[in-house]
1. Please list the non-local residues whose amide H lies under 5 Å from the amide H of Thr280, H modeled 1.01 Å from N, same-chain partners needing a gap of 5 or more.
2. For region 231-494, what is the charge dipole size about the Cα centre, in debye to the nearest 20, if Lys and Arg each add +1 at the Cβ and Asp and Glu each add -1 at the Cβ?
3. Using a basic spin-label model with each label point 7 Å from the Cα along Cα→Cβ, how many nm lie between Arg112 and Lys240?
4. Relative contact order, percent, of region 61-173 when contacts are C-alpha pairs under 8 Å separated by at least 6 residues?
5. Projected onto the charge dipole of the chain (+1 at Lys/Arg Cβ, -1 at Asp/Glu Cβ, origin at the Cα centre), which of Ala9, Thr280, Val459 gives the Cα projection farthest towards the positive end?
6. Sort out for me the Cα centre separation of region 267-313 from region 45-103, rounded to whole Å.
7. Quick one: check the C-alpha center-to-center distance for region 351-408 versus region 438-501, whole angstrom.
8. By a straight-distance test (C-alpha under 12 Å), which aspartates and glutamates pair with Lys55 as possible cross-link partners, with residues fewer than eight away in the same chain excluded?
Amino acid sequence: APATPDLEAQVLAALQSTPKFDTYAQAKALNVDHQALVGAVKSLWADGYVTMDQKSCSWLNATKEGCDISKNGSPEYKVYAAVSAAGSLPVADLEKSVGKASAKVGLGAAMREKWLKKGGDGSLSVAKEGVADATRKMLEPFVGLSEPPATPPVLQANDEKQLLRRKLLKKETLKQFEVAKGANYSLERKRKQGDLSVDMLRDGSWKTADFKAYNYNAVGAPVGGGYFQPLLKVRAEFRKILMGMGFEEMPTSKWVESSFWNFDALFQPQSHPARDAHDTFFVKEPASTLKWPADYYERVKNMHVSGGSGSIGHRCPFDEGEARKQILRTHTTAVSARMLYQLANREGGFRPAKYFSIDRVFRNETMDSTHLCEFHQVEGLVADYDLNLGNLKCIIRTFFAEIGITQLRFKPAFNPYTEPSMEVFGYHPDLKKWTEIGNSGIFRPEMLAPMGLPPNVRVIAWGLSLERPTMIKYRIDNIRDLFGHKAELAKTEAAPICVFP
Ligand code: PHE
């Protein structure tokens, strides 16, 4: 109970007339709750108005069974009285006259005390005349002592032990305090000031005010910590897995990309439907890109128009304006293209590389419970000499095994920039069903040759969304609960850490 100023005043007043008091008796005298009084005393103690010493006291009180005996007599005496009244009583009849419970404990005790004896025929008779019910007598003064008695009844040590053992008495304890005047005692409590206020500065009361000391040991109010969005947790895990497999992370900070790197460099025909406003967000300002490697642009254009490296190309006109259009990248494969171009043109020539990225991509899609117009793509690629489909399947198997998906199926598919291409299906142990988990393929020579990669360098690659595994991991059905303005912050905050598999 919180200390009320009124109670504090009463405590201070009481110490004027008496040098010390015990809280329990004082609470009784003041007719207030003991704990409330202790609260007031503690508050005064904190400012040195009073001293307080813990003074626990304990005493004995009759248990429910003890009370019953004091009222109706002990089992041993009941047995004794029954036998004594009957003169001789067959053991078998004892229960009938004193009850089952009393017969059981009482007979044993009465025999032990040698109050009764048993004849050869099994009948009981009195062995000691004039026995009194000592147990009952001893218990009487202990009945109803729920509070510490002023003068506690006394018992011989042996009897006390007996009655405690028989659970006829129990020990009660009371935690209370002895209170006396403290170093700062005064009849009136002056509240210490917690803060210096404008008013105190104005009226000058700060000069005489008594300020609370700083408590440097106080534990500060807890500040809310930051937390990671579930997508970021899964991203961190994927990143750890891919780095563990020896992949380097690609720089994916450019969300605005030119159509050139997003589509043309990937040998995606300029007439491809994915390149119109239904699927792609175009940037108005600046609407077109300024720079790209001029010679590389020419080689890409030639590949589209007339082919090369064994290909006949798309054999359709190539428009520079189309290639310059600025867009929000529709896939991180645009970044893969930039990285492969750099790899082909680095000082010292091509070196084998393993790259990955996990970042945001944008598509002008109709939104529903599984689609938003922006999402995250996980992408990985390996560029090395003479890689084949077996290498790609192995990499995919290794990656998915790390997140707990070991049963995989590959299905032929089409991507403008890979040949062959495979969709990846996995048996999901949480969903207990086959589900599409990714897309993959070997980049086309039409894409790699213009970059200047050596002809026998193959690039195997795969991609998946970050949202899908996150939704499965966190049991989220609607993508809008995971990402965007409708996602509940409290749920995001409470999401557990992510561990695979
Ligand atoms: N870029 C593809 C997509 O948007 C994924 C992919 C990456 C496919 C690499 C094949 C190779 O779905």
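None of the figures in this text is laboratory data; all of them are computed from the coordinates on show. All values reported here derive from a predicted model rather than from experimental measurement. Every residue, glycine among them, receives a Cβ derived from its backbone with ideal geometry; neighbour counts consider all protein chains shown.
1. Asn364
2. Charge dipole of region 231-494: 440 debye, to the nearest 20.
3. Computed distance between label sites Arg112 and Lys240 equals 6.5 nm.
4. 40 percent
5. Final value for the positive-end residue is Ala9.
6. Measuring centre to centre over Cα atoms gives 100 Å.
7. About 6 Å separates the Cα centre of region 351-408 from the one of region 438-501.
8. List returned: Asp22, Glu178.
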